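Colleague: Here it is, the structure, as structure tokens.
Every number in this text was worked out from the coordinates using simple rules, so none of it is lab data. Just so it is clear, the structure is predicted and the values come from calculations on it, not from any experiment. Cβ placement follows ideal geometry from the backbone for every residue including glycine, while neighbour counts extend to all protein chains displayed.
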Amino acid sequence: MTLSTIWDRLDAQAGRVSARAIATLFHDRNRAAAFSVRFPGQSAAAVHGEEMLFDFSKTNIDEDTLELLIELAIAAGVQARRDAMFAGRRINETEGRAVLHTALRNPEGKVALDGQDVMEGVRETLLRMRGFAREVRGGGICGQGGPITDVVNIGIGGSDLGPAMACLALAPFHDGPRCHFISNVDGAHAADTLKDLDPETTLVIVASKTFTTIETMTNAETVRGWMAARVSDPGAQFAALSSALDRTADFGIAPERVFGFEDWVGGRYSMWGPIGLSLMIAIGPERFDDFLAGGAAMDAHFRSAPLRSNLPVLLALVGLWHAQVLGHATRAVLPYDQRLARLPAYLQQLEMESNGKSVTMSGQAVSRPTGPVVWGEPGTNGQHAFYQLIHQGTQVVPCEFLVAARGHEPELAHHHRLLLANVLAQSKALMEGRGLEAARAIAEKAGFVGDELDRQARHRVFPGNRPSTTLIYPQLTPRMLGQIVALYEHRVFTEGVILGINSFDQWGVELGKELAKSLEPLLAGGARPETLDGSTAQLLDFVAAAG
Ligand code: F6P
């Protein structure tokens with residue numbers, strides 16, 4: 001079957017099942033197990049606390065649909081493309097680059113690019129990172145005022161979101177200096193972050209793959225000035241993470257303080273290597289190794305598991321069913337884990353920068369909508385904010401819940417019980433809803449009668465039949481976080497291959513950057529070009545008038 005025939009059949013399937021209530025699928029007593037996958041899927045793993053369960057049974061996917069979706073993956077060549085990626089082929093075709101971030105988490109592996117071994121460099125950099133992190137943590141590398149108490153990572157996008165998300169996620173494992181992140185060019189970010197820090201005991205890490213990003217370079221200069229006011233040799237308290245070694249040298253950072261990586265590591269896939277240095281300093285090299293091992297375990301699974309039990313592939317297929325077949329324009333990522341508060345922002349870059357494209361690999365317009373809008377907030381907070389729309393609004397928002405079976409605060413076990421009760425309640429409420437009869441009974445109990453009873457009842461109806469998935473794992477550890485991040489990376493990859501797009505470039509961020517460059521002089525009073533549009537001119541006038 002060709003790809004377009006399979007898409008057509010999926011459309012027909014969607015038409016057939018549109019009126020079916022998801023809840024009725026559970027008449028099949030085996031549904032929950034059949035529409036779930038466990039990773040790694042062996043009881044020994046469960047004993048070690050590594051097992052995760054992805055339950056997609058609360059969706060309208062049935063065996064026929066799943067079979068079609070898997071045929072879609074096969075027809076799109078997911079397996080061959082996956083193998084090409086791991087083998088170091090230049091699958092990022094618009095930039096002529098290989099995609100080898102997976103090599104960073106498998107330092108003992110073997111990967112060659114154009115016949116050249118890449119692993120020696122990976123191992124060497126990892127060794128240097130470990131040595132540096134140990135020295136910073138142990139006091140071997142100090143600031144002018146003594147041992148390093150605080151680390152400031154200056155970066156944006158992929159050079160910020162990954163380590164910032166992971167540092168918060170793994171807070172229970174921190175036993176090194178405190179980590180802070182400055183990303184926004186808004187001076188408020190630097191000012192608020194620096195205000196409580198001591199420059200004499202702060203280490204600054206400038207994280208930028210290109211070392212040209214205007215936000216990062218502006219913040220780096222500002223922070224260097226802040227440090228120079230108190231520290232006689234600020235360079236001794238700076239390090240850089242970059243693939244542009246000439247530019248780090250121009251900035252004045254000594255080569256032994258520079259941790260490089262190659263162009264085959266995309267920014268949003270880079271937290272596994274040098275960009276993860278702040279995380280390594282916070283949790284220590286051994287736990288960072290556990291994080292890498294989690295990612296590598298997910299890689300091995302993605303490469304070898306049959307598609308029907310392949311976790312990233314299934315996550316991708318569920319996503320495609322909701323966004324590309326049913327046409328739901330957004331998906332919510334809802335971690336019931338306060339420490340995963342930055343996961344939605346991290347996934348926004350990973351998914352939307354990767355798959356927010358309009359042309360296929362060959363430059364033709366895509367035939368289906370591409371990446372959906374990804375958004376979210378931790379539960380239970382979101383329940384008291386936007387869940388109203390998720391339950392009763394006019395658009396269907398497929399929800400992806402994440403939760404740990406156990407928290408890190410045994411003394412607060414009752415909090416975790418409530419957290420779990422809430423996440424279970426939400427997916428059940430979304431699926432089952434509440435019909436008019438039940439709503440009437442509630443309104444009646446509240447004392448309403450006659451027409452008012454009817455009116456009040458209608459406001460209390462929940463349409464239900466709203467799909468969700470749940471990813472549950474024993475506890476959020478470094479290894480588990482590695483598994484989760486790699487799972488999402490491969491999900492994005494799989495969706496991208498099926499959509500026929502290049503998930504590894506990001507041309508869509510360029511135009512705004514170019515225009516910002518040309519508008520900055522106008523804010524400083526420069527002559528306005530005649531072609532300047534009226535709205536932009538009016539906004540510039542407003543700024544000028546505000547002084
Ligand atoms: O503007 C988008 C982007 O290029 C992202 O892809 C990247 O993660 C981010 O900017 C930061 O880039 P760099 O690490 O080169 O400073």
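Colleague: Among 206, 99, rank each residue by its count of other Cβ atoms within 10 Å, from fewest to most, as a rough exposure measure.
Modeller: Neighbour counts put them in this order, fewest first: 99, 206.
Colleague: For the pair residue 538/residue 229, report the inter-label distance in nm, with labels modelled 7 Å from Cα in the Cβ direction.
Modeller: Between residue 538 and residue 229, the label points sit 4.0 nm apart.
Colleague: To continue, here is another question. Let me know the longest stretch in the chain that avoids all trypsin sites (Lys or Arg not before Pro) found in a DSSP loop with at most 10 other C-beta atoms within 10 Å.
Modeller: Values: sites that count: 29, 110, 195.
In short, 196-547.
Colleague: Arrange 61, 390 by Cβ neighbour counts within 10 Å, fewest through most, would you?
Modeller: 390, 61
Colleague: With equal scatterers on the alpha carbons only and no solvent term, can you work out the Debye log10 of I(q)/I(0) for the chain at 0.07 1/Å?
Modeller: Values, matching the q order: -0.46.
Colleague: I've got another one for you. Arrange the following residues from fewest to most other Cβ atoms within 10 Å of their Cβ: 503, 243.
Modeller: Working: 503 29, 243 20.
By the 10 Å Cβ count, ascending: 243, 503.
Colleague: Mind jotting down a quarter of the surface of the convex hull over the alpha carbons of segment 116-287, in square nanometres, one decimal? Can you show the working numbers first?
Modeller: On the way: hull surface 36.7 nm².
Over every viewing direction, the Cα hull of segment 116-287 projects on average to 9.2 nm².
Colleague: What do you get for the angle between helix 214-228 and the principal long axis of the chain? Use alpha-carbon atoms, 0 to 90 degrees, nearest ten.
Modeller: Compared with the principal axis, the helix lies near 50 degrees.
Colleague: For segment 259-274 and segment 441-515, write down the distance between their C-alpha centroids in whole Å.
Modeller: 29 Å
Colleague: Then there's this: Assign unit charges at the C-beta atoms only (+1 for Lys and Arg, -1 for Asp and Glu), then state the dipole size of segment 157-272 relative to its Cα centre in Debye, rounded to the nearest 20. Please report the intermediate quantities before stating the final value.
Modeller: On the way: 8 positive and 15 negative charges, 19 e Å.
That gives a dipole near 80 debye.
Colleague: For the chain, find the longest principal axis of its Cα atoms and tell me its angle to the long axis of helix 413-432, 0 to 90°, nearest 10.
Modeller: Roughly 50 degrees between the two axes.
Colleague: For the chain, what is the percent of antiparallel DSSP beta bridges, rounded to the nearest 5? Can you show the working numbers first?
Modeller: Details: 14 of 45 bridges.
The antiparallel fraction comes to roughly 30 percent.
Colleague: Still on this structure, please answer the following. Could you tell me the ratio Rg/Rh of segment 328-450? Both radii from Cα atoms, Rh via Kirkwood.
Modeller: Numbers: Rg = 18.9 Å, Rh = 17.1 Å.
That ratio equals 1.10.
Colleague: Moving on. Taking the Cβ of residue 490 as the center, what net charge do the other residues with Cβ under 10 Å away carry, scoring Lys and Arg +1 and Asp and Glu -1?
Modeller: 0
Colleague: Note down the net charge around residue 537, summing +1 for each Lys or Arg and -1 for each Asp or Glu among other residues with Cβ under 13 Å from its Cβ.
Modeller: Values: positive: 528; negative: 530, 533, 541.
Residues close to residue 537 contribute a combined charge of -2.
Colleague: From the helices alone, meaning DSSP H stretches of at least four residues, give me the mean residue ellipticity at 222 nm for the chain, per-run term -39500 (n - 2.57), in deg cm²/dmol to the nearest 500.
Modeller: Details: 22 runs with 245 residues, N = 547.
After summing the helix terms and dividing by the residues of the chain, the value is -13500 deg cm²/dmol.
Colleague: Additional query: How much net charge surrounds residue 146 when only other residues with a Cβ under 11 Å from its Cβ are counted (Lys, Arg +1; Asp, Glu -1)? Could you put the intermediate results ahead of the total?
Modeller: On the way: positive: none; negative: 198, 200.
Once all neighbours under 11 Å are counted, the net charge is -2.
Colleague: Give the relative contact order (percent, whole number) for segment 319-371; include only Cα pairs under 8 Å separated by 6+ residues.
Modeller: On the way: 28 pairs, mean separation 19.4, N = 53.
Normalised by residue count, the contact order of segment 319-371 is 37 percent.
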